[in-house]
Each structure stands twice: as structure tokens, then as C-alpha cells.
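See structure below.
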């Protein structure tokens with residue numbers, strides 16, 4: 001069989017550190033592929049006025065699978081300040097390149113598994129009398145990835161036609177005396193087909209892997225139209241999956257319940273912003289963002305990434321200190337997507353073995369403040385963590 005081609009997008013900061021570690025693991029497990037580098041991130045915004053160059057879009061369109069590290073995003077004013085002087089005042093506007101990728105290729109299904117590894121000192125525990133219980137957490141969050149508050153339909157100082165249209169809604173009366181230059185407006189747009197697709201993907205996953213419930217995590221008692229649409233579609237689709245319970249929680253209550261009884265939840269499904277929130281919350285219960293992997297799935301193309309940021313303050317530390325496990329687990333999701341489930345499981349088993357043994361731990365696993373001094377306290381380097389995983393590959 002011909003080698004597959006994987007587009008690698010290291011991006012910014014620690015993305016450049018962790019992605020090569022994941023590739024080392026992929027090669028060690030026997031995954032045969034050609035890796036093609038693609039440009040993305042802050043340096044291309046500064047130099048070209050575009051953090052997602054067309055050449056990168058073309059590579060992904062050709063090869064269909066991407067492995068992504070991390071990007072730096074900054075507020076509008078900082079982005080403008082850092083743009084190359086010769087590009088200033090030429091109409092360039094910064095937007096997140098990973099959000100741009102999701103929208104350009106309609107990578108509308110985001111999957112974020114949060115599964116605890118035995119022996120991880122960062123796992124959730126709770127008190128039971130004089131003892132402690134460490135319940136296993138195995139939650140999978142399905143996040144609608146292209147709409148909602150991340151859709152990008154927003155204004156500061158909205159044009160007159162936008163304001164006039166909004167003022168046909170009676171609730172806008174509360175803002176009638178606010179000058180337009182003092183208004184910032186973001187929209188939250190849900191479409192019925194996108195709601196249907198993400199909810200059905202969640203139920204399909206639950207059925208395939210034996211989960212007993214799917215929880216719609218939204219806020220339909222207040223955000224009645226958008227959250228209400230997803231809730232309504234979930235109730236219809238649930239009828240096609242009689243062996244799986246449909247649960248409903250509001251996002252605020254969910255953040256409380258997940259820190260009380262996280263083991264109660266199986267598959268959760270949300271819109272873009274709430275999915276982002278709840279997946280980070282569950283990630284905190286299984287070790288933090290150093291263990292948080294994800295997939296962005298479209299109908300023809302998929303990109304896999306850890307959910308942590310670029311942490312630029314750690315980029316130039318030598319040796320590197322960051323935990324590569326989230327990136328490695330994202331590579332496992334890529335293997336699953338490509339049908340290489342045996343290789344993916346071998347890697348996950350190796351990761352679990354290293355975590356359970358506890359001899360090799362990165363600074364985050366030791367609850368240390370990041371910096372070069374962590375090695376004096378016994379923290380492993382990024383490379384040492386990968387090396388330990390490689391020794392456990394069966």
C-alpha cells in the first residue's frame with residue numbers, strides 16, 4: 001500500500017516542540033507516512049498579513065489529513081501593532097487560523113475525549129469520609145465546530161443597516177440610547193443541519209463504543225432559540241437510538257455536576273462556545289491540557305490537534321519542558337480516523353503504562369510552576385517523556 005501523506009502544521013510556540021514528538025511515536029509504532037510541512041501561525045500574520053496562507057489550504061485540500069500543533073492568537077489591537085510596517089493600513093485583519101481552517105473546510109464535528117489514566121497525580125479525586133475516591137472519568141465531548149459565537153459575524157460600531165435590522169427585535173429597546181460607536185455585537189448562529197449532524201455524530205459514537213447516555217449541554221431556558229434548536233433536534237434523533245439515554249444539562253449546572261460526579265457522564269454534545277468550555281472543564285479532571293486531544297472532522301478532510309495553546313514563554317526553553325502527551329493522543333485519534341486502530345491502541349497503552357509507573361513525569365504532572373528550574377526537582381523533559389513512551393510500545 002502506498003504511503004499516506006500527512007500535512008504537519010506545527011504553528012506557534014510549543015506546537016513546534018510537541019508535534020515532532022508525536023511524529024517520533026508514529027514512526028516507532030510502524031505508521032508509514034510522508035510528512036509535508038505547512039505554514040500556519042503568528043509569524044505568517046506578521047510577515048504576510050495572513051496566518052493561514054493559501055499554500056497551506058492547498059496542501060490540506062490535496063492530502064485530506066492534517067496534524068496540528070498550536071497557534072498564538074492575540075486581541076485585535078495587539079495583532080495590528082505587530083503587523084509588518086509595510087502591511088499596515090492595507091486592510092489586513094487578523095483572525096484565528098485554526099478557526100479559519102475549520103470554517104473553510106467545514107470541519108464541523110469536533111471530538112474531544114477526556115479519559116483518565118490510572119496513576120495520574122492530576123486525576124480528579126473526592127473525599128469519602130476519611131478516605132479518597134478516584135472515580136474513572138471517560139467523557140467524550142462533541143462540539144459543533146463552525147457556528148455559534150465562533151462564526152465571526154460581529155461588529156464594533158455596527159453599520160446602520162445592521163442596527164436597524166436588530167432594532168426590529170423588541171429586546172433591542174434596552175440599547176436604543178446607546179450610540180453605535182459604543183456597541184459591540186456578536187451573533188450566535190445555529191443552523192438545523194449543523195445541529196443534526198453534531199448530535200447524530202454523538203449518538204453514533206455512543207452506540208459504536210457502548211456508552212449509555214448522550215447529554216445535550218446548552219442553555220435553552222435562557223438562550224431559547226439557538227440552544228432550543230439543538231435540544232429539539234436531539235430529542236428527535238434520540239428516537240433512532242433506543243438503547244441510549246438522552247440527558248439535558250445547562251452549561252452552568254454542568255460545570256458544577258462535572259466536579260461532583262464526572263463519572264456519570266458519557267458522551268456530551270454542545271454548540272461551539274459551550275463545547276469549548278465543557279471540554280476544557282473535563283480535561284481538568286483527567287490531567288489538564290497536557291492530556292487533552294481533539295479531532296476536527298469534515299466530510300472529506302480532518303485535522304487533529306491538542307487543545308492547549310502555544311505557551312510561547314516555554315518555546316525557547318532548552319531542553320523543552322512541555323508535556324507532549326496531548327499531541328501524541330491527538331495523533332492516536334488520527335490513526336483511528338485512518339483505520340489504524342491497533343497502532344492507536346498500542347500507543348495509548350504505552351502512555352498509560354508510563355503514567356501508571358510514575359517514574360517519568362513532566363512538570364505539569366508534578367504540579368510545578370513552569371521554567372528551567374523544574375529539572376532540578378525531577379521533572380522530565382519533553383523528549384524524555386516521549387522516550388519513556390517509546391520504550392513501552394509493545
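The values are calculated or read from the model by the stated rules, or taken from the named source; none is laboratory data. If you're wondering where the values come from, they're calculated on a predicted model, not measured in any experiment. All Cβ positions, even for glycine, are placed from backbone atoms using ideal geometry, and neighbour counts span all protein chains on display.
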Out of the residues in the stretch 309-332 that are within 16 Å of residue 40 (Cβ to Cβ) and modelled with pLDDT under 95, state the one that is farthest from the chain's Cα centre (by Cα). 315
Residue list for the stretch 360-379, filter: surrounded by fewer than 19 Cβ atoms within 10 Å (Cβ to Cβ) and assigned to a loop (DSSP other than H, G, I, E, B): 367, 368, 369, 370, 371, 378
Exactly one condition in (1) modelled with pLDDT of 95 or more; (2) part of a helix (DSSP H, G or I); (3) surrounded by 17 or more Cβ atoms within 10 Å (Cβ to Cβ) is false for residue 164; which is it? (3)
Only residues that are crowded, with 21+ Cβ neighbours inside 10 Å and within 14 Å of residue 65 (Cβ to Cβ): list them for the stretch 298-322, please. 302, 303, 304, 305
Count, please, the residues in the stretch 27-77 that happen to be closer than 16 Å to residue 95 by Cβ, under 21 Å from the mean Cα position of the chain (by Cα) and assigned to a helix (DSSP H, G or I). 3
Filtering the stretch 168-193 down to residues that are in a loop (DSSP other than H, G, I, E, B) and exposed (fewer than 13 other Cβ atoms within 10 Å of the Cβ) yields 168, 169, 176, 177, 178, 179
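Looking at this structure, is residue 266 surrounded by fewer than 20 Cβ atoms within 10 Å (Cβ to Cβ) and either in contact with a strand residue (DSSP E or B) (Cβ under 6 Å, 6 or more places away or on another chain) or under 22 Å from residue 109 (Cα atoms) (or both)? Full working, then the answer.
Working: surrounded by fewer than 20 Cβ atoms within 10 Å (Cβ to Cβ): no; either in contact with a strand residue (DSSP E or B) (Cβ under 6 Å, 6 or more places away or on another chain) or under 22 Å from residue 109 (Cα atoms) (or both): yes.
Considered against the rule, which asks whether it is surrounded by fewer than 20 Cβ atoms within 10 Å (Cβ to Cβ) and either in contact with a strand residue (DSSP E or B) (Cβ under 6 Å, 6 or more places away or on another chain) or under 22 Å from residue 109 (Cα atoms) (or both), residue 266 comes out as no.
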Got a sec? Which of 119, 91 is outside the structural domain of residue 8 (by TED's automatic domain parsing) and not in a helix (DSSP H, G or I)? 119
Identify all residues within the stretch 214-225 that are under 22 Å from the mean Cα position of the chain (by Cα) and over 15 Å from residue 113 (Cα atoms); write none if there are none. 216, 217, 218, 219
Tally of residues being over 19 Å from residue 147 (Cα atoms) and surrounded by fewer than 17 Cβ atoms within 10 Å (Cβ to Cβ) across the stretch 218-237: 3
Could you check, for the stretch 180-195, whether at least one of its residues is within 19 Å of the chain's Cα centre (by Cα) and touching a residue at least 12 places away in the same chain (Cβ under 8 Å)? yes
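Report whether or not residue 388 is part of a helix (DSSP H, G or I) and either in the same structural domain as residue 297 (by TED's automatic domain parsing) or surrounded by fewer than 22 Cβ atoms within 10 Å (Cβ to Cβ) (or both).
Spelling it out, residue 388 is indeed part of a helix (DSSP H, G or I) and either in the same structural domain as residue 297 (by TED's automatic domain parsing) or surrounded by fewer than 22 Cβ atoms within 10 Å (Cβ to Cβ) (or both).
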Single residue of the stretch 78-88 satisfying the filter (assigned to a loop (DSSP other than H, G, I, E, B) and touching a residue at least 12 places away in the same chain (Cβ under 8 Å)) that is farthest from the chain's Cα centre (by Cα): 84
Scan 28, 70, 33, 51 and give me the residue that is under 26 Å from residue 300 (Cα atoms), in contact (Cβ under 8 Å) with a residue 60 or more places away in the chain and either touching a helix residue (DSSP H, G or I) at 6+ places or on another chain (Cβ under 8 Å) or surrounded by fewer than 20 Cβ atoms within 10 Å (Cβ to Cβ) (or both). 70
